[in-house]
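This report refers to the structure that appears directly beneath it.
The values are calculated or read from the model by the stated rules, or taken from the named source; none is laboratory data. Keep in mind that what you see is a predicted model, and the values were worked out from it rather than measured. We place every Cβ from the backbone using ideal geometry, glycine too, and count neighbours over all the protein chains shown. The area values use the complete protein model at the heavy-atom level, side chains included, leaving out ligands, DNA and RNA. Shrake-Rupley method; radii C 1.70, N 1.55, O 1.52, S 1.80 Å.
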Amino acid sequence: MPIILTHMQLMTKTRAALPQTDPAKTLFGFQFVTLSRRWRKVIHTELAKTGLTDATWAPLVHLDAGDGISQTELADQLALDTSSLVRLLDILSERGLIERRVDPKDRRARLLYLTPEGHADVARIKTHLNAVEATLLTDLSDTEVAALIRAMDKINITVERALTQTTKADT
């Protein structure tokens, strides 16, 4: 019979070899990644029931937050390779949800915009997302959610700084 270790057991076994740090910080990364994957799984499962997939809804929601962005910017926001995004954008364009327009600053480049149909689809997506997320957050108060968001914003700043340093080191 296989032995399944809890997260705490796993981290305790490896912690002995590490310098002593705050136990909460030691557990945070693993727990955050695990929760993120499980959160996404719930979101994907619930949205799939309405006919939506991550491939279709995620780019649309990102475009709704910033119409008129380049494929490269969207790929960065989605953590996708630009070449992987191109086919998806073709599909969304064929469905009439997005359009590519010439960038007035660089006639060789194209910027991405939601069509009126795309905006309507995003409204439908956000309604479903809000309902699922409200269910997932039901045991937290508004104050707790706000505190989590503030903490994640701080972490995001540090992550962006690390990514910038990594990018600079690679060039």
### Chain lengthening between THR115 and LYS41 when straightened (0.36 nm per residue, less Cα-Cα)
23.8 nm
### Summary
Taking the reciprocal of mean 1/r across every pair of different Cα atoms in the chain, the Kirkwood radius in Å is 19.3
#### Entry: Rg and Dmax of the range 73-171, Cα atoms only, in Å
18.1, 50
### Message
Heavy atoms only, 1.4 Å probe, whole protein assembly: order HIS44, HIS119 by accessible area, highest first.
### Response
HIS119, HIS44
### Message
Quick check: residue separation of ALA162 and SER141 times 0.36 nm, minus the Cα distance between them. What number comes out in nm?
### Response
4.4 nm
### Query
Hey, what's the range 34-127 come to in accessible area per residue, 1.4 Å probe, Å²?
60
### Query
Given a Förster radius of 22 Å and the C-beta distance between LEU148 and ASP54 as r, what FRET efficiency does 1/(1 + (r/R0)^6) yield to the nearest 0.05?
0.45
## Note on the structure
Heavy-atom accessible area of LEU60, protein chains in place, probe 1.4 angstrom, given in Å² to nearest 10, is 0
### Query
Relative to the longest principal Cα axis of the chain, at what angle does helix 142-170 sit, 0 to 90 degrees, rounded to 10?
80
